[in-house]
1. Figure the gain on full extension for residue 62 and residue 39 (residue separation times 0.36 nm, minus the Cα-Cα span) and round it to one decimal in nm.
2. Enumerate the residues in the range 50-66 having an amide nitrogen under 17 Å from the point lying 7 Å beyond the Cα of residue 27 toward its Cβ.
């Protein structure tokens, strides 16, 4: 199933885009049950990828014992992987991120459509314990600051 049907919803409901990102926060404002995950993801930010230093680390699913997923600069990452929703996304450095709709859920074919751009600072996190982030926009690609 291609998620392109949701694209007009994002453009016609600007509050949807605002609400998706209104929860971006820092460690101090995270719920207590996500702070350990944040610290784990922060340690994973020191990991090197094939593309260089880590740009984004993600905890997929609620299993705290599973390893953090690490993505490099300009690498597309999905909000759902192996049928597990991103529980917490940590941005390791100052980044410009493009949020969009990927053709496939493993983000291998790139974006069908780019919906919005967002500038994030290192250390900011996007909590998603209820699994709602990724409903309208299912993938992100972050690079060095460009806009």
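Bear in mind these aren't lab numbers, they're just calculated from the coordinates by the rules spelled out. These numbers were taken from a predicted model, which means no experiment stands behind them. A quick note on method: Cβ atoms are made from the backbone with ideal geometry, for glycine too, and the neighbour counts reach across all protein chains shown.
1. Numbers: separation 23, 0.36 × 23 = 8.28 nm, distance 1.51 nm.
Stretched fully, the residue 62-residue 39 segment lengthens by 6.8 nm.
2. 56-59
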